[in-house]
Amino acid sequence: MSKKVFIETYGCQMNVSDSERMATILAKEGFQIVEDEREADIVLLNTCSVREKAENKIYARVGQIRRRRRNVILGISGCVAQLEGEELFDRFSGKNSIDFIIGTRATDRIAKVINSVIREGKTKVIDNHEREDYPELSFDLNLSHSKCVAFLPIIEGCNKFCTYCIVPFSRGREVSFPPRLILQQARQLVSQNVKEIHLIGQNVNSYRPREMQDLEKFKGATPFSKLLRMVAELSGCERIKFTTSFPRDFHPDIVSAIEEYDNLCNWVHLPVQSGSDRVLKLMRRGHTKDAYMKRVERIKSSKKMIALTTDIIVGFPGETEQDFMQTVELVEQCEFHHAYIFKYSPRPGTPAAEQMTDSVPPEEKTRRFLYLESIQKKIQAKIWQSYVGSEKLVLVEGKSKKNPNQLTGHTTCNKVVNFEGDERLVGQIVKVKILEAKNNSFLGRLV
Ligand code: SF4
């Protein structure tokens, strides 16, 4: 009888994508993927370590699983596995032991690792090496987070080494996947009726493959803007989104590509992190406020309305009131459609945590967070209110989690719209009239 595997995913889209591919490999090797942990013979926690909170959750989760299921085979993959390596076996011992660890570049070997645990009765298998080859990009849509929206990784890892960030250590150096593999997978997704492809990576616009020949026939100032055009020209590909963009590598030609193709969606996520040049330097972001604003000007002056979103950290070591007010000013100037605002917390192993003093007291971080959030909320409310009365094309992705009588989906500018409708519309692009702007979603009516 086939062994049953339950995969629990934490963190970003890259992790979701890794889980989808691991599930596909396991299913091909005869394992059965289940949605209920209680049915599983094997539980895999695909972990995130971007914030300490996420990492702590894993420790609690292992204990919880072990209390319920003493004999289940339990493994850890993802960033925590990559960073902690063999030490995890010491950390999880006795009643809370784990059986295997698999690093971020070894996901293709998941079946081998689990088979090795089963066959050899081993309780410890480490498979934590660098990836030997490009990963298998294809996955089974029946095992993915959605049948109409697909995550397609084009680059993994990061070379930027922002001082607060653990990703370059947990995901390794940047590796751009060959255009040929990306196109092959995009084609397959389109043939399976996927309506929206998200090209994903820590910094998609730093895309620089070794194999450039397949991109040569496409116009473009950078490999990424050529790649966008390559995917956009794929017949039947209805929507393409991409995230995340790194400001320093954001070439204006990306906006030109968005303008040229209807299926390149009008949304750019461009994390700024701070509006102070001094803090940006301490963060080692590689851009100044002015350089960022130049990118914003190009995006805002586009003939297509492009929704701009961002990430911001408040209370970074050494951030003064003056620095903070520069961030406030930038937020007011940029008029982001949405901003993910975070209070800085030191991430062990990063230069900011090891070499800088976490100088802003917690209550001051909270004050700055709330203040900035209130400014952003006002800006956002005004922008979102301007959508009321308009009609938008929405890709119907499923039933709303909060209200099962409603369907939910996204606009091309990546806003959530909830509305009443027949479940048979799932997977289709429909026109919806926007009736009301909520904090982070719209209420609409099918046209
Ligand atoms: S660009 Fe900076 S913040 Fe983004 S993943 Fe790389 S190091 Fe982290």
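The values are calculated or read from the model by the stated rules, or taken from the named source; none is laboratory data. The structure displayed is predicted, hence computed values, not measured ones. Please note: Cβ atoms are built from the backbone with ideal geometry, for glycine as well, and neighbour counts cover all protein chains shown. The accessibility values were calculated without ligands, DNA or RNA, using every heavy atom of the protein model including side chains. Shrake-Rupley method; radii C 1.70, N 1.55, O 1.52, S 1.80 Å.
Our coupling estimate for region 135-140, obtained by passing each phi through the Karplus curve with A = 6.51, B = -1.76, C = 1.60 and θ = phi - 60°, is x, 6, 8, 7, 8, 7 Hz, Gly and Pro reported as x.
In a simple Cβ point-charge model (Lys, Arg +1; Asp, Glu -1; nothing else charged), the chain has a dipole of about 560 debye relative to its Cα centre. The average projected area of region 276-381, computed from the convex hull of its Cα atoms over all directions, is 6.8 nm².
Across region 199-205, rounded Karplus estimates of 3J(HN,Hα) from the backbone phi angles (6.51 cos²θ - 1.76 cosθ + 1.60, θ = phi - 60°) give 7, 10, x, 4, 9, 5, 7 Hz, Gly and Pro being marked x. Within the chain, the cysteines lacking any other cysteine Cβ closer than 4.7 Å to their own Cβ are Cys12, Cys48, Cys79, Cys148, Cys158, Cys237, Cys265, Cys334, Cys413.
Enumerate the residues in region 373-411 having an amide nitrogen under 17 Å from the point lying 7 Å beyond the Cα of Lys147 toward its Cβ. Within reach of a label on Lys147, which here means backbone N under 17 Å from a point 7 Å along Cα→Cβ, region 373-411 contributes 395-400, 407-409.
Note on the chain: antiparallel DSSP beta bridges, both residues inside, total approximately 30 percent of the bridges counted.
Considering all C-alpha pairs of region 205-287, those separated by over 17 Å amount to 51%.
Here the spin labels are modelled as points 7 Å beyond Cα on the Cα-Cβ line, and at Gln192 and Arg38 they lie 3.0 nm apart.
Note that the chain shows a convex hull volume over its alpha carbon atoms of 152 Å³ per residue. On the principal axes of its alpha carbon atoms, region 391-446 extends 25, 21, 16 Å, with the longest extent given first. Counting protein heavy atoms only, region 290-447 has 51 percent of its accessible area on carbon and sulfur, 1.4 angstrom probe.
Label point of Thr366 set 7 angstrom out along Cα-Cβ; within region 320-352, amide nitrogens under 15 Å from it belong to 343-344. Accessible surface calculations at 1.4 Å, restricted to protein heavy atoms, place region 218-353 at 36 Å² per residue.
Put simply, the amide H of Trp267, placed in the peptide plane, has neighbours under 5 Å in Ala307, leaving out anything fewer than 5 places away on its chain. Solvent-accessible area assigned to carbon and sulfur over region 145-278 amounts to 48 percent, based on a 1.4 Å probe.
Mind checking the full-extension length gain between Glu354 and Ala60? Use 0.36 nm per residue of separation minus the Cα-Cα distance, one decimal, nm. Before the final figure, lay out each step's value.
Values: separation 294, 0.36 × 294 = 105.84 nm, distance 2.56 nm.
So the extension gain works out to 103.3 nm.
Close amide H contacts of Ser77 (hydrogens built in the peptide plane, cut-off under 5 Å, sequence separation of 5 or more or a different chain): Leu45, Asn46, Thr47, Ile102.
What does the accessible area per residue of region 4-127 come to in Å², with a 1.4 Å probe and no ligands, DNA or RNA counted? Walk me through the numbers on the way to the answer.
Working: 5450 Å² over 124 residues.
For region 4-127, the per-residue accessible area is 44 Å².
Calculate, in whole percent, how much of the Cα-Cα pair population of region 4-127 lies beyond 20 Å. Summing the P(r) tail past 20 Å for region 4-127 gives 35 percent.
How would you classify region 73-221 from its alpha-carbon gyration tensor, with a ≥ b ≥ c the square roots of the eigenvalues: rounded for a/c under 1.5, else prolate if a/b is greater than b/c, otherwise oblate? Note, shape of region 73-221 comes out prolate.
Among residues other than Gly398 whose Cβ falls under 10 Å from its Cβ, what is the net charge (Lys/Arg +1, Asp/Glu -1)?
Working: positive: Lys147, Lys399, Lys401; negative: Glu397, Glu423.
Here the charged neighbours net out to +1.
If you count only protein heavy atoms with a 1.4 Å probe, what accessible area per residue comes out for region 391-446, rounded to a whole Å²?
Numbers: 3100 Å² over 56 residues.
So region 391-446 comes to 55 Å² accessible per residue, rounded to a whole number.
Here the 3J(HN,Hα) profile of region 38-51, calculated from phi with Karplus coefficients 6.51, -1.76 and 1.60 at θ = phi - 60°, is 5, 8, 7, 8, 10, 10, 10, 9, 9, 9, 10, 10, 4, 10 Hz, Gly and Pro shown as x. Entry for region 64-115 at q = 0.27, 0.28, 0.31 Å⁻¹: log10 I(q)/I(0) = -1.08, -1.12, -1.20, Debye formula applied to identical alpha-carbon scatterers, no solvent contribution. Within the accessible area of region 1-89, the carbon and sulfur atoms contribute 43%, probe 1.4 Å, all protein chains present. Net length available on complete extension from Met1 to Glu233 is 79.0 nm, with 0.36 nm assigned per residue and the Cα-Cα distance removed.
The calculated 222 nm mean residue ellipticity attributable to helices in the chain amounts to -10500 deg cm²/dmol, summing -39500 (n - 2.57) over DSSP H runs of n ≥ 4 and dividing by all residues.
Centre-to-centre, using Cα atoms only, region 178-208 and region 310-343 are separated by 32 Å.
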